[in-house]
Amino acid sequence: MRLLLTVLAIVLFSSCKQKETTLPIYGNRDFNGKDTLYHTIAPFSFVDQDSAVITNATFKDKIYVADFFFTSCRTICPKMKTQMKRVYDATANDPDVKLLSHTIDPEYDTVGLLHNYAYMLGVTSDRWHFVTGVRDSIYKIAQTSYLSTTSKDSTEPDGYIHSGAFLLIDKHQRIRGKYDGTREADVDRLLKDIETLRKEG
Amino acid sequence: MRSLIFVAAVIIIIISCRSKADVEFDQYYNQGEILYTSYCANCHQKDGSGLALLYPPLNKSDFMDNNLEQVLCIMRSGKTTPTVVNGKTFVQPMRGVAALTDLDIAEIATYIYNTWDHKRGIITVNEVTGKMKSCE
């Protein structure tokens, strides 16, 4: 009897474990009578540190991690960039993984400045795009597509409030994970989730 | 029982051996660590290693070794000119923290100059006040 219970527990446990290996899909969903329509990243067009135009097509068949920052920020951005650099290093041999950092201070963070920033961080634009563009477009995509808080606030030390979130986006442009980019442990979880997502194919 | 007495004796000796200077050093150092964590570690990192060519390292730094006065000034006033550290040039400007008092700066300096590879000893508030007069 005890043996049976043990076997049952193991079976239950392992079936739970299998469920854990699928990542959630974030955001509102619709049903069109046939299929479930998931929340996806809206069409966008920005310019990266090498003046290349970056759109949704740049991430076709790629998994990517997105965040929002600005180069002159002293509060959480340096922590975020330290952690994003970890992601960059950890995925160095994964050609299907890319990174996308949006500046939320596009007037100051020009293409040239982002180019220097990426150079100083020691990263290349084939894997990590630092993009700038029209302020309203960046803020809108942050809030409505990536479900991330971003706004200008003169009472803050550096003039902006923004979340330090990293968003994990799958090959169908759906949000599959949200992480605190200032916390090492949360980014450990992100690295694991990237591996899980890669297995989805 | 005997070993307990021995341990107690050792502890008493250690405590009584600690001079006023040691206690003062500890106060500076511990407060410096707290200030370092909130004002400096975001960029220079908790372990002082910096980040690539964006933020220079402090754990091993010939610039720190040779430029104590400048380091004190930079904490409050920032730095916009390039800085060469261990042969590498860092151009990203650093903004100072204007709110730091001379005592805060002395405590941070005591912390960073006595952690990692550094063993300079205490940097007192009087020393800082004197040196800060030469800041540009």
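What follows draws every value from the coordinates through simple rules; no lab data is involved. These figures come from a predicted structure and were not determined experimentally. So basically every Cβ, Gly included, is an ideal-geometry build from the backbone, and we count neighbours across all protein chains shown.
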note = Rounded to the nearest 10 degrees, the helix A:2-20 long axis (Cα) sits at an angle to the longest Cα principal axis of chain A of 20
request  = Just the ratio, please: alpha-carbon radius of gyration of the protein assembly as shown over 2.2 N^0.38 Å, N its number of residues.
outcome  = 1.27
note = Its Cα gyration tensor gives the range A:102-201 an equivalent ellipsoid whose semi-axes in whole Å, largest first, are 24, 18, 14
task = Determine ³J(HN,Hα), in whole Hz, for all residues of the range B:45-60 in sequence, where each value follows from phi through the Karplus function 6.51 cos²θ - 1.76 cosθ + 1.60 and θ = phi - 60°; x replaces Gly and Pro.
result = 6, 4, 8, x, 7, x, 8, 6, 9, 7, 10, x, x, 10, 5, 9
note = With A:Lys81 itself left out, Lys, Arg at +1 and Asp, Glu at -1 over residues whose Cβ is under 12 Å from its Cβ give +3
query = Just A:Ile41, A:Ile76, A:Ile138 to compare: in a GNM of chain A, with alpha carbon springs under 10 Å, which one fluctuates most?
reply = A:Ile76
query = Counting other C-beta atoms within 10 Å, which of A:His115, B:His44 has the fewest, and how do the rest follow?
reply = A:His115, B:His44
request  = Work out the FRET efficiency for A:Leu191 and A:Thr144 from their Cβ-Cβ distance, taking R0 = 22 Å, and round it to the nearest 0.05.
outcome  = 0.20
request  = Considering only A:Asn116, A:Asn93, A:Asn32, give the residue with the highest GNM mean-square fluctuation for chain A, with springs between Cα atoms whenever their separation is below 10 Å.
outcome  = A:Asn32
note = Whole-Hz Karplus couplings 3J(HN,Hα) for the range B:117-128, θ = phi - 60° and coefficients 6.51, -1.76, 1.60, Gly and Pro as x, run 8, 9, 9, 8, x, 5, 10, 7, 5, 5, 4, 5
request  = Report the calculated FRET efficiency for A:Asp30 and A:Arg127 (r = Cβ-Cβ distance, R0 = 45 Å), to the nearest 0.05.
outcome  = 0.85
request  = At 20 °C and 1.002 mPa s, grab the translational diffusion coefficient of chain A from Stokes-Einstein with a Kirkwood Rh over Cα pairs, rounded to a whole number in µm² per second.
outcome  = 118
request  = Net charge near B:Tyr36: determine it from the other residues with C-beta under 13 Å of the C-beta of B:Tyr36, scoring Lys and Arg +1 and Asp and Glu -1.
outcome  = -3
ask   = What is the distance, in nm, between label points placed 7 Å from the Cα along the Cα-to-Cβ direction at A:Ala52 and at A:Leu5?
value = 6.0
ask   = Under a Cβ-Cβ cut-off of 14 Å, what is the net charge of the residues other than B:Phe25 that fall near it, where Lys and Arg count +1 and Asp and Glu count -1?
value = -2
note = Under 5 Å from the placed amide H of A:Gly177, counting only residues 5+ away or on other chains, we find A:Leu168
query = Given the alpha-carbon gyration tensor of the range A:85-159, what are the semi-axes of its equivalent ellipsoid in whole angstrom, ordered largest first, with each equal to the square root of 5 times an eigenvalue?
reply = 24, 16, 12
